[in-house]
């Protein structure tokens, strides 16, 4: 989802964590299944804690794995194909092309085509 606001990124992260807890998310091991997972992918052209140090701080912008995840890049390329990664300078469309063609990603089940009713 693309969102415009004037809240600082740290406040947005706090809000996301509050929403995740309200949805039942509890601290567990990394990458465990969870009822809700909200990530702040980018905040304009802001670059924070890049490259991400170890241990990774709570706020890294842009998201350190954004350019590597087709399941993130495909919808991003749909809603903002000309958005540019603040560090790499590549568009969402170019980043997705580097990860694989959309049709190949759909065929392999990495991303899914969404069908919407005609009356929406």
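The values are calculated or read from the model by the stated rules, or taken from the named source; none is laboratory data. The structure presented is a predicted model; accordingly, all values stated were derived computationally and were not measured. Note that each Cβ is placed from the backbone with ideal geometry, even for glycine, and that neighbours are counted across all protein chains shown.
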### Scan of region 26-50 for residues that are more than 19 Å from residue 72 (Cα to Cα) and either at pLDDT below 90 or not in a loop (DSSP other than H, G, I, E, B) (or both), ordered by number
26, 27, 28, 29, 48
## Note on the structure
Within region 60-79, residues being touching a helix residue (DSSP H, G or I) at 6+ places or on another chain (Cβ under 6 Å) and either assigned to a loop (DSSP other than H, G, I, E, B) or loosely packed, with under 13 Cβ neighbours inside 10 Å (or both) number 0
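Here are 54, 21: which of them is at pLDDT 85 or above and part of a helix (DSSP H, G or I)? Step through it out loud before you land on a result.
Details: 54 fails: part of a helix (DSSP H, G or I).
Checking each option against the conditions leaves just 21.
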### Test: residue in region 52-68 that is without any contact (Cβ under 8 Å) to a residue 60 or more places away in the chain, farther than 19 Å from residue 12 by Cα and within 12 Å of the chain's Cα centre (by Cα)
yes
### Query
residue 24 versus (1) on the phi < 0 side of the Ramachandran plot; (2) over 14 Å from the mean Cα position of the chain (by Cα): which is the lone unmet condition?
(1)
### Query
Any residue at all in region 95-107 that is modelled with pLDDT of 90 or more, surrounded by 12 or more Cβ atoms within 10 Å (Cβ to Cβ), over 18 Å from residue 3 (Cβ atoms) and touching a strand residue (DSSP E or B) at 6+ places or on another chain (Cβ under 9 Å)?
no
